[in-house]
Each structure stands twice: as structure tokens, then as C-alpha cells.
Amino acid sequence: MARSASTGRSASTARGASTDVLIAGAGPVGLTLAAELRRSGVSCRIVDRLPARLPYAKAVGIQPRTLELFDRMGLVRDVLDAAVPMRGQLTYVNGAEQGRIELALPPEVPYGFAALPQYETERVLEEFLGRFGTRIERSTELVAFAQDPVGVTSRLRSSSGGEEEEEEVRSRFLVGCDGAHSVVRKALGLTFEGGAFPEEYMLADVEVGWGLPPGYGVRSMHRAEDGTIDDLLVCIPLPGEGRYRMSMLVPPELSADRPASGDGVAHGLEGGTTPALADIQKVLDRLAPEPVTASALRWSSVFRISHWLVDRYGEGRVFVAGDAAHIHPPTGAQGMNTGVQDACNLAWKLALAVEGAADPGLLPSYDAERHPVGEEVVGRTVRHAAEGVQADPTDLETLLLREAQLLVGYRESPIVSPLPPGDEAVLRPGDRAPDCGGLTGDIAAYPVRLFDLLRGRGHVLLVYGHHPAGDTPGDLAAAARELTGGRMETCRILPADAPPDEATGVPHHHDSRGEFARQYRVEEGAAFVVRPDGYLGACLRPPTVGQLKEALGRVFAW
């Protein structure tokens, strides 16, 4: 019998049933991974050491790219119903307004910026996961694991009513979404390089009754005579009238010299002194753009920020995602959103591996694709935290697209097909598959967006126009089904003036406003492999079955 370390009582040990994937950590990243796996028919268990979700508005920004992924999953409506728009940012220095940034994206981008408390994001994801019959196993933590060539054996410890029970679980794969102090990362022996910022911040969830326009964040600073910023207030709007998540520098009387945890990582809500409403009010009295009184304090904390990155995102059958892999300053609301992209990238690859349909190079591509993204995000947010967004000299549109995570791509990935020599196409394999509107079918009397056609699907082959120099759409669709074991669907897009072509048996829509042709930079005869995570795996111009086979051979096992 095992012994309980906390109570000294005997703890029973049970042998758990096997599952395809065990997920440690039920934050937004773990929940996204679990939901994507269940959508693909993969069994999984998701465990979390906490008895309930934390009621803190930690990560609050939802980026447009994350909303696109939630759209593909089929839960974006629930997120939009709960969130509020982020319309822009007001900046003040020494009480004077310095300008207003409008968070405006190109019209073809289907979603804008949004704000939602992390616990609400987790609620929506948890309810969505529940539709597949999967629930979070709370008060349950991963304490150890060992992997072998065919699977992973994990030891779980759960507590209920003062009793502890240990369980051994056998899974095909293990994913650590277990945060800054990840058990999976440490047990896997991954290095975690980085450091902590010396500054501490107060966080508070409060309401204010000022006359500033709703939907705008506020950044108010005091600049000393030497040009340095010695006082700071940042306010992010939240759902609710006049409600904001505020952050500000910690005054000396509240600063706590808290050592880093046992793993050397100091980040996040590390406990210690809890600021009172009066502490928040003092900062507002100094820095608020207009006189205002804070009320309805829901929670507050002292927060430390740091920057860390693993040397690799996994080994063998064990992987890490989210804060377990990368930690960075909250500048630009990149952290949770980057973790959600980790999960969406990994999920479809695990699903194919579980089914025995994955090429041997598919799972290693998770690290090849996501580690460079984590490295870029950590570096950029560290620069922005130290110097502001002006540290990156670029035009505003590019800046917003990058912050929206719409410029993330995998052009150098080993699993995307390179373009032929001399092809200088703007849209390339590894890029995000853009959305477009104005697609009309033969039955529905209304136009739809491309993302409507992709929603809920896995791999999709988009075939555009007629193909005098390539294989027929019917041949391409048949090859796509055969080469993927029925896992790839085909959608055909015809130019606006093209007659209906039902002979191929491939569902089609007309590009009635020419938006598809503009966004995908095509004129006639092209096809695009769209991956389950919404990125292009291949661009075929003109499309042939041979080219398609080469592209799919990088992903699927024959």
C-alpha cells in the first residue's frame, strides 16, 4: 500500500484503464488539446491538481487567430457571447493623452480582438469538451511517468475527503499542459532557460465609473526627468459595466522578497501580500486619466513576470505545451493564445499517430514548427516589456497582424511542400489559410465564408477552377480520399462566371465576388491542402495527383 505524503494515511493503488492520450493540466491549453482530440475520435483523460477553476482574470486577451481556431473547432459562438471587444488603446504620459491606437484589421480577417477572463475561457472550453463525454478529473495530479517504445505509464494521485488514492495509467502519449512549474517538463529533463524581471506588479479586478470610451485599454505612465518610466497603470476592459483588469507597479510597502519556487521559476501569482482596494485607489489617484473611484474588488494579487523557453517541445511520446514550454511577459496578450496554437498544432498530429496513419516525421514536426514560434514570442514580448512596442520598428498594420498572431507560419517546416524553384507566390505553404466571403452554392440562397466550409473538418483539399494543365477535380478528390484513408475532404471553388460543373461529383461554390481568387492569388487551375489547424500544407499550381501524393506523403503513412 502506498502512503499519503500529506495525511500519513494509507492510500489505495489502482490500475487504471488505458487511454490514447493523458493530458496533465486543465487550463485553456489542456482543454483545447482535449477538445481537439475528442473531435478527432481520440480517447483522452485530462487531470488537474486544482479542485476547481481559479476565479482570477489572469489571461484576458483573445487574439483574432485564436478565435479563428475556435471557429474551426465549432465553439466560437460561445466565446463571442461571453467576451467583449477590444477596440483600441488610449495612452497617457504625465496626464496628457499621447494618442489612440485603433485595433483595426483588414476587412478579410473575420474576427477582431476580444477580452475574456481566463476562467470564462476555461468554462466555455470545459462545456464544449463535455459534449464529447469527457470531463476534467480534478484534485488529481501527475506525480511520475515512464515511457517505453509503445506507450507511457503514469502515476496519478487524487484526493477526496482527506483520503488519497494513487492510480497507474497507461497511455499512448502524455502531454504536459501543467504550467510554469510543469512536472512533465522537469521529469522529461527539458532545460528551461530564461530569467525573471525585477519588477513586481499588482493585479486587480475592479470597476470604475470614468467617461473613457468602452472597449479601449488604458496605458497611463509617469515619465521622470531622466526619461525613465517610474509609474505605470494598465487597464484592460472585461465583461461588465466599467469593469477592468488593472495592473500597476507594486509600492515598496507591499513588495515581498519572495524566492523562486523549487524549480527556480518565479512567475505569475506566487502568493504573498494581497493588495487592498485602497492600494489600487492610490495608483488611480496618481495615474488615472480623470478622477475616478474604484469599487467592486473581485480579487487582487501581486504578480511577477519572467521569460523562459524549453530547449525542445517533447521527447519520444511525451510533449509539453503552453506555459510548460514557454513563459513570457503578458505584453500583447500572447501567452495563452500561443499555448492554444500549440494545442491545435499537436492535436491533429497525435490523432493521426494514434490511428497509425502518421508518417514517422509528423510528431517531430511539432517541435520543428512550434519551438521557433515560442522563441520569437518570448523575444518579442521581452523587448516590448522593456522598451514598449516601439522596440519593433514596423508599420502599424504589420504590428497589429503580428499581435493578432495572424503572421504565425511554418514555411520552413519539414512537413509542408516547398514551392517549385522560381515560384515567388506571396501565399506559400506553411502560411495561414486566409478566409474570404462571397461563396455561393447552388442550393443555399445566401453567400458563405470559406471558414464556414472548413468548420468542423480535418484535412481539406481546396480545388480552384478548371484544370486544363492538371488532373481533373474528380481525379484529385479520389486521390485525396485514397491517399489519406478517407480522412481528407475536397471542396471546389469555381470562378464567378464559370458554369456549374456537377459531373465530377465534387461539392462546389462560386467565388461570386472574386475574394477567393484575390486572397489565394490564383487565376485558373490551383489546389491547396489545408491542414486541420488552418495552415496550408501545399499549394499546387497546376494541381496534379503526383504533386498531391508528394505533399500528403509528408504527413500520412502509406
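The values are calculated or read from the model by the stated rules, or taken from the named source; none is laboratory data. Keep in mind it's a predicted model, so treat the numbers as computed, not measured. All Cβ positions, glycine included, derive from the backbone under ideal geometry; neighbour counts span all protein chains shown. Surface accessibility is based on the protein's heavy atoms, side chains included, excluding ligands, DNA and RNA. Shrake-Rupley method; radii C 1.70, N 1.55, O 1.52, S 1.80 Å.
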Hey, among V143, V124, which residue is outside any strand (DSSP E or B), free of Cβ contacts under 8 Å to residues at least 60 places away in the same chain and touching a helix residue (DSSP H, G or I) at 6+ places or on another chain (Cβ under 8 Å)? V124
Does L352 fit the bill of being in contact (Cβ under 8 Å) with a residue 40 or more places away in the chain and farther than 30 Å from L174 by Cβ? no
Is there a residue in the range 89-101 that is surrounded by 17 or more Cβ atoms within 10 Å (Cβ to Cβ), under 17 Å from Q341 (Cα atoms) and of a type outside the set (V, I, T)? no
Out of the residues in the range 379-415 that are under 28 Å from V555 (Cβ atoms) and assigned to a helix (DSSP H, G or I), which is modelled with the highest pLDDT? L401
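Each row is one residue, and each column tells you yes or no for (1) buried (at least 24 other Cβ atoms within 10 Å of the Cβ); (2) modelled with pLDDT under 95; (3) in contact with a Gly (Cβ under 9 Å, 6 or more places away or on another chain).
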position: M1; (1), (2), (3): no, yes, no
position: A11; (1), (2), (3): no, yes, no
position: A14; (1), (2), (3): no, yes, no
position: T19; (1), (2), (3): no, no, no
position: L22; (1), (2), (3): yes, no, no
position: A26; (1), (2), (3): yes, no, no
position: T32; (1), (2), (3): yes, no, yes
position: R38; (1), (2), (3): no, no, yes
position: V42; (1), (2), (3): no, no, no
So which residues in the range 163-200 are within 19 Å of S306 (Cβ to Cβ) and surrounded by fewer than 19 Cβ atoms within 10 Å (Cβ to Cβ)? H181, K186, T191, E193, G194, G195, A196, F197, P198, E199
Residues that are among the charged types (D, E, K, R) and in a loop (DSSP other than H, G, I, E, B), drawn from the range 39-87: R49, R53, K58, R87
G227 assigned to a strand (DSSP E or B) and either open to solvent by less than 40 Å² (accessible area, probe 1.4 Å) or touching a strand residue (DSSP E or B) at 6+ places or on another chain (Cβ under 8 Å) (or both): no
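Taking only the range 151-165 into account, find how many residues are of a type outside the set (K, R) and modelled with pLDDT of 95 or more.
Residues flagged as of a type outside the set (K, R) and modelled with pLDDT of 95 or more within the range 151-165 amount to 5.
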How many residues of the range 93-109 are under 23 Å from L407 (Cβ atoms) and assigned to a strand (DSSP E or B)? The answer is 2
